[in-house]
Amino acid sequence: MSESTNPNPQQGGKLTEEEKAAYVRSTRRFDLRRILGALFLLYGIIVLITGLVDPAADTKPTGGIAINLWTGIAMIIVGALFWVWDLAAPVPEEDIIGVLEREEEERAEGEGHIPGI
Amino acid sequence: MFAAAAESGIRLSLSWVDYVMIIVYFAVVIGIGFMARLRVRTSMDFFLSGRSMPAWITGLAFVSANLGATEILGMAANGAQIGMSTLHYYLIGAVPAMVFLGLVMMPFYYGSKVRSVPEFMLRRFGKAPHIVNAIAFAVSNVLIAGINLYAMAIVIEAMLGWPEWLAIIVSAGFVLVYITLGGLSSAIYNEVMQFFVIIAGLIPLTIVGLHRVGGWSGLTTAISKTQGAQQLSTWAGTAIGHTTNPIGANWLAIVLGLGFVLSFGYWTTNFTEVQRAFSAKNMSAARRTPLIAAFPKLFIPFIVVIPGLIAAAAVGNQFADKNSGLTYNDAIPKLIQMYLPNGVLGVAVTGLLASFMAGMAANVSSFNTVFTYDIWQRYIKRDKPDVHYLRVGRWVTIIGVLIGIATAFLAAQAQNIMTYMQTLFSFFNAPLFAVFILGLLWKRMTTQAALWSYLAGIAAPTAVWIAYLVNPKLFATGTAETLYGAIISFVTVIVLGVLISFVSKPKPVSELSGLVYGVGTIDLTKDNVATDTAWYRSPALLGTIALVLCVVLYLPFV
């Protein structure tokens with residue numbers, strides 16, 4: 001196992017630099033902010049198009065506000081902001097690696113032996 | 001006849017666009033479950049996300065775990081029924097309680113490395129009160145999960161036309177899959193997603209609703225004319241001896257009962273909530289969890305309670321009419337039906353469905369933790385390897401969901417039991433809070449005192465509630481009864497706790513370090529990382545701003 005670049009190494013503690021880098025990459029790829037950004041962009045586009053395709057249906061129940069247009073635009077902006085945030089402040093590497101290296105400690109804690117107390 | 005009834009209900013006409021959005025959302029939910037599954041290596045990963053979450057995620061999950069069906073529909077119903085007084089639940093209740101949790105209680109919880117709230121009971125007081133606490137929490141939580149499930153099924157049936165049994169099985173199935181896969185991480189990620197989606201649905205609803213009733217001035221005029229001006233104020237008519245406000249309680253009962261006892265009890269001792277903070281990556285993030293949650297909580301009433309008022313202004317006559325088939329709980333679904341076109345409609349419905357499911361998932365993910373760590377590991381199978389507890393956790397999740405489904409079908413048989421059960425369960429938090437507060441402040445408090453005062457604190461409000469059922473004239477409203485019941489419970493615990501402590505033997509002070517105020521020290525900064533020291537991340541500053549905002553937001557509605 002230790003020679004491979006398994007993104008989810010089973011042994012904490014003795015990791016190669018390569019394994020650590022792979023783990024960091026795979027963690028950041030699934031950052032919640034990216035998922036939220038994608039979801040909001042997709043929803044924003046769907047809602048915006050719905051509003052553009054049938055403007056009459058958009059304003060009829062709302063009493064004049066083109067709510068699909070406004071909501072669509074707002075959701076696209078929010079989605080983009082999630083991506084900007086993710087790019088500007090990625091999860092610190094030491095946080096990601098720290099989780100891996102604490103595995104033994106975590107196991108002990110799970111077994112009810114509280115470390116350090 | 002039937003067609004007319006359907007139109008006046010809350011049935012929505014979803015188009016394929018709306019269904020696409022719903023399907024995409026739940027595909028992402030399951031995807032997150034599988035993704036989180038890859039990261040679950042230990043039982044701590046499964047139950048507490050390996051204590052690795054950043055504060056913004058745990059903070060939003062903290063506020064979102066509470067944003068389930070009962071909260072969104074219930075608080076909008078309150079808005080429609082009792083008006084702006086509903087703000088008390090947020091501004092005198094939830095937010096001060098969150099600040100108290102972050103500033104005062106979290107250092108004891110997180111610093112003692114306990115894995116659940118019952119475990120804190122064990123460390124501070126010992127086995128007897130721990131068993132009572134763990135079992136009461138596990139049983140009540142799995143029942144609440146079932147009640148949430150049933151509440152959700154009724155709404156899904158009314159909105160989408162699915163039969164109740166199908167709604168129950170499908171929703172429970174989703175929760176089962178993603179919690180069994182990814183444990184608490186799945187639950188937390190979905191809570192954060194749900195938070196943003198429900199907001200993206202409720203903001204347009206509020207804007208359109210206000211527009212349709214003629215803006216803020218149109219709303220206040222309509223409410224004053226139909227329900228009366230008292231609906232627009234919060235503290236008017238709360239004088240002692242002359243209570244004319246819609247809650248039916250004076251200001252002291254509101255501050256002490258609703259604010260101090262019920263809300264502090266719920267937000268600081270309910271493990272379903274506190275668990276989110278336990279999963280934070282360090283002490284600083286754990287303390288900031290409820291403080292970050294306080295800020296969205298301050299503004300949620302404006303997209304939940306205000307729509308309630310809008311609904312009262314628009315269709316209040318139908319809520320009051322028993323034959324209309326519409327109840328106050330339908331306020332938000334009714335507005336969605338009337339005001340949102342396909343497109344935004346899909347976002348709003350997705351948000352509602354997600355919030356219903358997240359509420360149940362929060363119950364299940366805290367139930368499995370307490371059952372595995374506090375009951376199974378402590379009293380049934382000790383000293384097994386960690387992987388054993390991880391496996392038990394997954395099985396308990398499955399069993400918990402199945403019991404929840406069974407409870408949901410039971411609740412369906414006895415509808416009116418539901419509200420009473422919610423009331424009853426809220427009493428479990430009040431005595432627990434009293435025991436913890438006394439135990440945290442007073443090192444002399446003994447195990448015997450904790451056990452017996454806790455039991456008496458559960459029995460006392462139950463007796464008050466039964467008395468109210470027998471003689472409804474005792475209190476002005478059901479809400480007033482819960483406020484006084486909570487105060488009685490709190491006082492019972494404090495009085496009995498002090499008395500019994502004086503006639504029984506306290507734990508030696510050496511065992512109380514870090515568990516009682518002033519005994520030993522808790523290092524609040526030792527696991528800090530560089531970014532935790534930024535001035536705007538200071539817990540004291542965040543807490544102060546939140547409390548100031550509580551006062552400021554009351555001002556327009558005094």
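Annotations
- The residue that is surrounded by the fewest Cβ atoms within 10 Å (Cβ to Cβ), counting only those in the range B:372-386 that are closer than 14 Å to residue B:130 by Cβ and facing chain A (nearest Cβ under 9 Å), is B:378.
- From the list B:319, B:356, the lone residue that is in contact with a helix residue (DSSP H, G or I) (Cβ under 9 Å, 6 or more places away or on another chain), in a helix (DSSP H, G or I) and open to solvent by 10 Å² or more (accessible area, probe 1.4 Å) is B:319.
- Spans of helices (runs of 4 or more DSSP H) in the range A:1-112 with at least 3 residues at pLDDT 85 or above: A:17-29, A:32-53, A:55-59, A:67-88, A:103-110
- Here B:50, B:74 are screened, and the one residue that is closer than 26 Å to residue B:203 by Cβ and either away from every other protein chain (no Cβ under 14 Å) or assigned to a helix (DSSP H, G or I) (or both) is B:74.
- Scope the range B:111-126; condition open to solvent by 10 Å² or more (accessible area, probe 1.4 Å), in a helix (DSSP H, G or I) and in contact with a helix residue (DSSP H, G or I) (Cβ under 7 Å, 6 or more places away or on another chain); matching residues: B:111, B:122
- Checking A:47, A:53 one by one, the residue that is within 11 Å of another protein chain (Cβ to nearest Cβ) and touching a Ser or Thr at 6+ places or on another chain (Cβ under 7 Å) is A:47 and no other.
- Matching residues in the range B:457-484 - criterion: being at pLDDT 90 or above, among the small types (Gly, Ala, Ser) and crowded, with 18+ Cβ neighbours inside 10 Å: B:457, B:460
- For the range B:322-333, a residue qualifies if it is surrounded by fewer than 24 Cβ atoms within 10 Å (Cβ to Cβ) and either over 21 Å from the mean Cα position of the chain (by Cα) or β-branched (Val, Ile, Thr) (or both), and the qualifying residues are B:322, B:323, B:324, B:325, B:326, B:327.
- Answer residue from the range B:389-413, given it is open to solvent by 40 Å² or more (accessible area, probe 1.4 Å) and within 19 Å of residue B:168 (Cα to Cα) and is modelled with the lowest pLDDT among those: B:413
- Subset of the range B:211-227 [within 11 Å of another protein chain (Cβ to nearest Cβ) and crowded, with 20+ Cβ neighbours inside 10 Å]: B:212, B:213
- Residue-level analysis places residue B:333 among those that are of a type outside the set (A, V, I, L, M), part of a helix (DSSP H, G or I) and more than 22 Å from residue B:59 (Cα to Cα).
- Residue in the range B:551-558 that is loosely packed, with under 15 Cβ neighbours inside 10 Å and at pLDDT below 85 present: yes
- Residue pairs whose Cβ atoms lie under 8 Å apart, sitting 6 or more positions apart in sequence or on different chains, and linking a residue in the range B:311-325 that is at positive phi to a partner that is surrounded by fewer than 21 Cβ atoms within 10 Å (Cβ to Cβ) and part of a loop (DSSP other than H, G, I, E, B), are B:325/B:9.
Rundown of residues vs (1) touching a Cys at 6+ places or on another chain (Cβ under 9 Å); (2) crowded, with 16+ Cβ neighbours inside 10 Å; (3) not charged (D, E, K, R), yes/no style:
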| position | (1), (2), (3) |
| --- | --- |
| A:65 | no, yes, yes |
| A:69 | no, yes, yes |
| A:73 | no, no, yes |
| A:77 | no, no, yes |
| A:92 | no, no, yes |
| A:97 | no, yes, yes |
| A:100 | no, yes, yes |
| A:105 | no, yes, no |
| A:109 | no, yes, no |
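- Residue, farthest from residue B:366 (Cα to Cα), within the range B:143-163, restricted to residues that are open to solvent by 10 Å² or more (accessible area, probe 1.4 Å) and among the small types (Gly, Ala, Ser): B:161
- Residues of the range B:513-529 that turn out to be over 30 Å from the mean Cα position of the chain (by Cα) and either loosely packed, with under 14 Cβ neighbours inside 10 Å or under 18 Å from residue B:440 (Cβ atoms) (or both), as a count: 6
- Evaluation of residue B:138 against (1) open to solvent by less than 40 Å² (accessible area, probe 1.4 Å); (2) at pLDDT below 90; (3) touching a Phe, Trp or Tyr at 6+ places or on another chain (Cβ under 8 Å) (one fails), failing number: (2)
- Within the range A:29-39, not a single residue is more than 8 Å from every other protein chain (Cβ to nearest Cβ) and more than 23 Å from residue B:57 (Cα to Cα).
- Filter result for residue B:452 (open to solvent by 60 Å² or more (accessible area, probe 1.4 Å) and at pLDDT 95 or above): yes
Table: residues versus (1) under 30 Å from residue B:122 (Cβ atoms); (2) free of Cβ contacts under 8 Å to residues at least 12 places away in the same chain; (3) at the interface with another protein chain (Cβ under 7 Å from one of its Cβ atoms).
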position: A:73; (1), (2), (3): no, no, no
position: A:83; (1), (2), (3): no, no, no
position: A:103; (1), (2), (3): yes, no, yes
position: A:107; (1), (2), (3): yes, yes, yes
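- Scan of the range B:31-47 for residues that are open to solvent by 10 Å² or more (accessible area, probe 1.4 Å), more than 9 Å from chain A (Cβ to nearest Cβ) and of a type outside the set (Lys, Arg), ordered by number: B:34, B:40
- All of (1) within 13 Å of another protein chain (Cβ to nearest Cβ); (2) of a type in the set (A, V, I, L, M); (3) in a helix (DSSP H, G or I) hold for residue B:82 with one exception: (1).
- Candidates are the residues of the range B:164-195 that are open to solvent by 10 Å² or more (accessible area, probe 1.4 Å) and touching a Leu at 6+ places or on another chain (Cβ under 6 Å); the one that is farthest from the other protein chains (Cβ to nearest Cβ) is B:195.
- The condition (being within 13 Å of another protein chain (Cβ to nearest Cβ), assigned to a helix (DSSP H, G or I) and either open to solvent by 20 Å² or more (accessible area, probe 1.4 Å) or within 30 Å of residue B:249 (Cβ to Cβ) (or both)) is satisfied by just one residue among B:95, B:63, B:28, B:132: B:28.
The values are calculated or read from the model by the stated rules, or taken from the named source; none is laboratory data. Quick caveat: nothing in here was measured; it's all calculated off a predicted structure. Cβ coordinates were reconstructed from backbone atoms using ideal geometry, including for glycine residues, and neighbour counts include every protein chain displayed. Heavy atoms of the whole protein, side chains included, go into the accessibility calculation; ligands, DNA and RNA do not. Shrake-Rupley method; radii C 1.70, N 1.55, O 1.52, S 1.80 Å.
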